[in-house]
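The values are calculated or read from the model by the stated rules, or taken from the named source; none is laboratory data. Given the structure is predicted, the values throughout are model-derived calculations rather than measurements. Here the Cβ positions follow ideal geometry from the backbone for every residue, glycine too, while neighbour counts run over all protein chains shown. Note: areas computed on protein heavy atoms with side chains; ligands, DNA, RNA excluded. Shrake-Rupley method; radii C 1.70, N 1.55, O 1.52, S 1.80 Å.
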Amino acid sequence: MKPTAGIASPSRRALIATVGGSLLGLDRPVWAGRQVEEPLADSVRSALAAAVADSGAPPKLVFRDIEDRLAHLRWLGAMSPRLARRKPDFHVRREFLETVWYESRRAGLEPALVLGLIEVESGFRKYAISSAGARGYMQVMPFWARTIGDGDASRLFHLQTNLRFGCVILRHYLDREKGDLFMGLGRYNGSRGQAPYPNMVLGARRRWEFKDNPSAVAASQPSAASAPGAAAALRPASL
């Protein structure tokens with residue numbers, strides 16, 4: 001059956017979305033979906049509400065020891081160049097990456113997984129809105145603001161609020177699926193049990209993986225004997 005005049009067919013809408021993404025400077029169309037509003041037990045709702053609370057202030061990074069801090073700095077140094085094309089401003093890029101680090105670890109998630117999900121969901125666009133109404137970097141549906149937040153869906157465009165909600169919701173879905181990443185990602189996107197979305201996120205995650213090798217970094221640095229003042233330059237900042 002031919003599409004009704006004036007109404008784009010699904011394939012045509014997909015083409016328009018792809019072309020529109022290209023005109024906006026995106027490398028590929030994003031795959032934001034529709035998280036499904038499900039009944040929550042009072043205990044679960046209370047736990048999720050507590051988990052997203054106090055997300056307005058900038059993250060305060062806390063490290064167990066100096067090596068933990070150095071590992072974070074190595075990660076930051078590796079991720080920043082990868083993100084530079086999408087976020088050219090250094091300070092904006094650093095704030096974004098530090099918030100991803102903080103919120104992903106707070107929720108017990110890999111930063112690479114969260115970055116891969118953001119790449120697929122919003123293409124790293126802070127003010128992205130899907131056709132379903134999902135908002136921000138992690139494409140959080142507004143009903144979550146009502147269900148476990150203060151009801152103000154406009155706050156989902158705030159960097160830390162969006163990442164706090166997104167990471168907590170993803171953690172919730174993974175727990176619902178008993179740690180099954182494929183099913184948890186599908187539930188996050190509203191496409192549970194279907195392969196395209198989880199495969200895209202897992203593929204994007206590989207682009208953000210970081211294999212820490214402090215010994216290689218140390219070997220590449222000049223020694224104090226060979227470079228005057230190098231010892232002072234290499235001294236880590238206080239915790």
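Before moving on, here are some points about what is shown:
- Region 137-184: C-alpha gyration tensor shape, a/c 1.5 cut-off, then a/b vs b/c: prolate
- Cα shape, region 157-207, gyration tensor, a/c 1.5 rule: oblate
- In the assembled protein chains, residue 94 presents an accessible area of approximately 90 Å² (probe radius 1.4 Å).
- Only protein heavy atoms count here; under a 1.4 Å probe, residue 90 has an accessible surface of about 100 Å².
- Normalised per residue, the accessible area of region 54-115 is 53 Å², obtained with a 1.4 Å probe and no contribution from ligands, DNA or RNA.
- Within the accessible area of region 77-129 (1.4 Å probe), percent carbon and sulfur: 52 percent
- Shown is the FRET efficiency for residue 106 and residue 131, computed with R0 = 41 Å from the Cβ-Cβ distance and rounded to the nearest 0.05: 0.85.
- Heavy-atom accessible area ranking, 1.4 Å probe, most first, across 91, 172: 91, 172
- Extension gain for residue 178-residue 61 works out to 39.3 nm (0.36 nm per residue, less the C-alpha to C-alpha distance).
- Global geometry of region 48-133, whether rounded, prolate or oblate, following the gyration tensor of its Cα atoms and the 1.5 cut on a/c: oblate
- Net length gained if the chain between residue 37 and residue 154 were fully extended (0.36 nm per residue, minus Cα distance): 40.3 nm
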